[in-house]
Each structure stands twice: as structure tokens, then as C-alpha cells.
Amino acid sequence: MRKSIATVSVSGTLAEKLAAIAAAGFDGVEIFENDLLACPLPPEEVRARAADLGLGIDLYQPFRDFEAVPPEVLARNLRRAEHKFRLMERLGADLLLVCSNVSPAAIGDDELAAEHLRLLAERAAEHGIRIAYEALAWGRHVNEYLHAWRVARLADHPNLGVCLDSFHILSRGSDPIGIEAIPGEKIFFLQLADAPLLAMDVLQWSRHYRCFPGQGNFDLAGLVASVRRTGYAGPLSLEVFNDVFRQASAERTALDGMRSLIALEQDLNGAAQPAVPAGFAFAELADTGALGGMLAALGFARTGTHPTKPVELWEQGGARLLLNTTGADPALIAIGLDGPDPAGAAKHAESLLSPVLPRERAPEEAKLEAVAAPDGTEIFFCDDAWLADFAPSGPVPGPVTGIDHVALTQPRHHFDEAALFYRSVLGLRPQESLELPDPYGLLRSKAMSGPDGAVRVVVNIAQVGADLLPWQHVALACDDVVSVARRLRREHPGLLLPIPGNYYDDLEARHEVDPELRDLGVLYDRDEHGEFLHLYTVTVGRVFFEIVQRIGGYEGYGAGNAPIRLAVQHAEGH
């Protein structure tokens, strides 16, 4: 299907928006009136620039507060409409979005609304323009899409149809199955926006928290499937009001919007998807020489060295860590993911606008393909062949059994982009976003996991004043975190993050736990499925480690303990 996006969805001037939208591969745009009003170019030049970029102008919007009004207001509205029609002719736009009336002057009379909309459609037809009538979720009298359709049907004019907006439909909890009762030729336009589920005023929710498909909680695939069953032949168009998007790079935002539509279409079309990664092959960390001692203290051993790159393989149990000793400050720079079809996974990533990164390798070395996550972390698609490059000396026994999850701190403008990337490119399922207190700000976090929990990724934004905290960490799974803590307290007492006694006073009041947890610095959580024990190391550079033990079917990440960890890290200067 044709793909379009509203200019309000990205940042910049109208000329910058059009360039970014075209570069992302869109077929058309919705011109938002405020963008045109602030543009120094006359409509004819905007039209020409869009055409030069290969963009059609699919819609002009919005035209507000028109229908079901007293006669004197109607006369003013018709005059206003005639001006817009002449403008649209200059712009080369032949479809006008008319929002349901929100004015206190609006009259709750469907027949009157239909009469006025028919009159508007007659005037529009004289200019070769059609009218798409949209029910705003906060419309004064018309605020549901089937009500808008009843009014449009009552008006009965060929140049009048409806615009369906996923936010206005799903934010009210309306069932999209009713869309299938609308003839496809009377659905003039389809606007798509996802959103997190928030308990707030719907107008503020709409104006600030919309996001691209796959970044929120709405079932957009179900809604679009209902629209397609009507025979609708128009574009899929994104209309997103989002404070972060308006501050972010227009190029990145437009590309992310296109990725969301491609992923949505793949879902709708039942396109074959590569298998969800079966587990972590490795996590790669940049190192200046500081991390080797920490890994050795944690029970890892160096088992191999890459023949042509300054990379060491460290192992314990099923966990493999690579230390890239190029001299960069310690940071998590790459993760490797096991899967049955690495080439297919890379091809799928490319179909979602995540190109494979160029890599130099010797002819005898394993071919590893990687793409870049939004924060720059490299994601490698692996089978077992890569291990041969390191010629590992043999297994390293120990309590660590594997990598439980990795946590990556995102730039503020990339958080929703990262959620979509891990969901669409890797097939991970998102959990609810959490907002957790930091002593100097707020931590926003979203966990993503495969269906069996073999791969878990947590994306975070830690905003402290004007700064973003850069911390990343690798969580290592084990079967007995208490034994690990005992050894580390005995042999490396400065390695573990000290946890305040006040935390344990509260913990012991809420749960019956082993008093030894206090002495060892082990934290505790539980959910309806099981229990969670974990501890943290101190931070080196941007990186720290977490040792975790899941008991039963515990599914979380100890999020309730994150504020404790953050407070101690600040206090310790980490």
C-alpha cells in the first residue's frame, strides 16, 4: 500500500520535513496547516518541491469546527472553506481533512451536521476536492467513528467520506470491527498512530504521547486488517503528535516511521519471519585493561584470542564475554545472538531499513553479519562458527550459567526507536514501560524478551538534570547467587555495590527472607510466578555487572530495586 506521513510527525521547517520524508522512502505527505503557514515558500513552490522529491500531497489538514453551527457561523465557515479550497488548488492537494466540531457553538443535530457537510462537499466538488470527515475523540457531539460515518452517509454526497484515525478509535476503546460496515470507497483516508496506555485526558494523551506503530500498546494490525477488508485502496498514513519526535532528527524519525509501516505490513501480510534468537552468543565490551581483573574475580577465564583483532574471549559456564582491548573506555559495544539462520536474520533486518554494517575479515575467519541498534550497539547474528576464530582452550566451570539480559542506556530521542527496533528486527516482545525514581531525575525503562526468555534486552533512559546517565550492564545468570556473594565478599570485598541497611529493614518487614542477604548485599524481589535474587558490582567506565538468580517462573528484572542501586551508584561516584 502507498505510504504517507503527516508533516507534523517530524521536526524542522517544512522544506526540511519534506526532504527527510522523501529520503525515508515515503510516497506522499499530509501537509499540516501550521507547517505551511510558517513556510516562506508560496504553495506553488511547496507543490513543486514535493514533486521534485517524488512526494504526492495526499491530504491537507486540519479544517476545524465547521458543521452543525448557527447560520451566521456557517456563513463564516463557508467563506473560510472557499479560501482553503483555492489554497489547495495552488498546493496540488485534492483531499481536505475536516475534524468533528469541538466548539461550544456546535449543535447536537445529526441532520444539521449532514446538511452542512453536504453543502461543504458541493463547494469542494467545484474545485475538484473531496472532504474526509473525522471523528475527534474529544468532539463535542461526534466523537466516535461510526457516528461520523452515519453523518457522512446521511449527507450522501460523492465528494464526502470519512477519515479513520487509529488513535481516535482505539483511545476511546471503540471496537474496530465496525469499520467493516463502511464501504471501502467511502473511507477516504486512514491515519495511524500507536500510543502507550495512559490514564489521562484524551486530548493531552493525543497531543503529546502518540507514537509509531509497534511503539505503543494499540492493536493496529487488527484495525488495519478491518480497514483492508472493506476494499480501502488509499494510503497508510502516519499522524503522530509527540514531544520527543518534534525535538529529534527529522531524518531518523522519518526513517523510523517508515520502518514501523514496513513491519506493520509484514505482520498483516503474514510475511515469513526469522526465528527469534535462541540465546546470547556473547556480549562484547570495550576495555582499557580494567575489566579483565573484574571478570577473573567473577570466575571468568580468558580462553582465547582473536587472530587478527585485539579481542579476547572470556568464558564461564554458558556465558561468553569478549573484551575489545582497543583502548576505549569500558562500555558494552556489541551483543551476539544465536539463531538457526543468521543470514536470514540479517536479510530481515535489512528489509526493516537496518543495513548490515561493513566489516573487515580475513578469508579464513567466520562470516559474521551485524546491524546497528539505535544507540550504536552492534547486533551480530551468529551460529557456532565464530568460536573457531578464538580457538578456545576449553570449558570454564563455575556458578554462572549464561547471560540473563543486557541493559542499554539510550539517548532520550531514541527510546521509542529502540523499542521498535528490538520488537520488529529481533522479534522480542515488549513489556510495559516503567518510570523509576533516581535521586536526581527519572529512569524510564522498557524490557523486551523472546517468548522463552532466552534473550532479554532492557532499554533505559536515565535523565538527571540536563544529562543522560550512560550506565550499561550485563546481567549474568546463576543457580546460587548467595554462594557467589559469599565468595566475592570473602575474596573481593570491594567489588560489590554496598546496599544500605535501610533497604533490608524494609525488605524484612515485607517478606520473610534469609537475614544473610543483608550481610551479603543481595537484593530480593518476587512476583506471582517466583522469586529473584540479585547483586551488583561497582561500575567501571560505563559498565557494571549484575548476578541474578531466577527461582520458579519469575519474569521480571527486580525493577523495584533499581532506585536503590541508582542511589548507591550516585553516592559511590559511579
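The values are calculated or read from the model by the stated rules, or taken from the named source; none is laboratory data. Since the model is a prediction, treat every value here as computed from it, not as a measurement. As a convention, Cβ positions derive from the backbone with ideal geometry for all residues, glycine included, and neighbour counts pool all protein chains shown. What goes into the accessible areas is simple: the full protein's heavy atoms, side chains included, and nothing from ligands, DNA or RNA. Shrake-Rupley method; radii C 1.70, N 1.55, O 1.52, S 1.80 Å.
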Checking Ala343 against (1) assigned to a helix (DSSP H, G or I); (2) of a type outside the set (Val, Ile, Thr); (3) in contact (Cβ under 8 Å) with a residue 60 or more places away in the chain, only one condition comes out false. Which one? (3)
Of all residues in segment 355-394 being touching a Leu at 6+ places or on another chain (Cβ under 9 Å) and of a type in the set (Lys, Arg), which is farthest from Pro274 (Cα to Cα)? Arg361
What are the residues in segment 543-559 that are in a strand (DSSP E or B) and free of Cβ contacts under 8 Å to residues at least 40 places away in the same chain, if any? Ile551, Gly552
Is it true that some residue in segment 463-485 is in contact (Cβ under 8 Å) with a residue 40 or more places away in the chain and of a type in the set (Asp, Glu)? yes
Exception for Cys39 within (1) surrounded by fewer than 21 Cβ atoms within 10 Å (Cβ to Cβ); (2) part of a loop (DSSP other than H, G, I, E, B); (3) in contact (Cβ under 8 Å) with a residue 40 or more places away in the chain falls at (3)
So how many residues does segment 70-116 have that are without any contact (Cβ under 8 Å) to a residue 12 or more places away in the chain and either surrounded by 17 or more Cβ atoms within 10 Å (Cβ to Cβ) or assigned to a strand (DSSP E or B) (or both)? 0
Considering (1) open to solvent by 20 Å² or more (accessible area, probe 1.4 Å); (2) more than 28 Å from the chain's Cα centre (by Cα), say which one Glu67 fails and leave the rest. (1)
Got a number for residues in segment 548-567 being of a type in the set (Val, Ile, Thr), in contact with a helix residue (DSSP H, G or I) (Cβ under 9 Å, 6 or more places away or on another chain) and either farther than 20 Å from Leu434 by Cα or open to solvent by less than 10 Å² (accessible area, probe 1.4 Å) (or both)? 1
For Gly128, are the conditions met, namely being surrounded by fewer than 17 Cβ atoms within 10 Å (Cβ to Cβ) and either at pLDDT 95 or above or in contact with a strand residue (DSSP E or B) (Cβ under 7 Å, 6 or more places away or on another chain) (or both)? yes
Within segment 184-203, tally of residues that are surrounded by fewer than 16 Cβ atoms within 10 Å (Cβ to Cβ), in contact with a strand residue (DSSP E or B) (Cβ under 9 Å, 6 or more places away or on another chain) and of a type outside the set (D, E, K, R): 0
Please go through segment 149-183 and give me each residue that is closer than 27 Å to Asn242 by Cα, open to solvent by 10 Å² or more (accessible area, probe 1.4 Å) and out of contact with any Gly (no Cβ under 9 Å at 6 or more places or on another chain), ordered by number. Leu170, Ser171, Arg172, Gly173, Ser174, Asp175
Can you name the residue in segment 525-547 that is aliphatic (A, V, I, L, M) and more than 17 Å from Val457 (Cα to Cα) and, of all such residues, is surrounded by the fewest Cβ atoms within 10 Å (Cβ to Cβ)? Val538
Residues within segment 173-231 that are of a type in the set (Asp, Glu) and not in a helix (DSSP H, G or I), tallied: 4
It is to be established whether one or more residues within segment 514-524 are open to solvent by 30 Å² or more (accessible area, probe 1.4 Å) and free of Cβ contacts under 8 Å to residues at least 24 places away in the same chain. yes
Where residues in segment 255-294 are touching a strand residue (DSSP E or B) at 6+ places or on another chain (Cβ under 7 Å) and among the small types (Gly, Ala, Ser), which of them is nearest to Gln215 (Cα to Cα)? Gly257
Being within 21 Å of Arg207 (Cα to Cα) and either over 14 Å from the mean Cα position of the chain (by Cα) or among the small types (Gly, Ala, Ser) (or both) is the filter here; which residues of segment 245-260 pass it? Arg246, Gln247, Ala248, Ser249, Ala250, Ala254, Gly257, Ser260
Going by the structure shown, is Gly139 part of a loop (DSSP other than H, G, I, E, B), open to solvent by less than 10 Å² (accessible area, probe 1.4 Å) and either farther than 27 Å from Pro176 by Cβ or among the small types (Gly, Ala, Ser) (or both)? yes
The condition from (1) open to solvent by 20 Å² or more (accessible area, probe 1.4 Å); (2) not in a helix (DSSP H, G or I) that Arg486 misses is numbered (2)
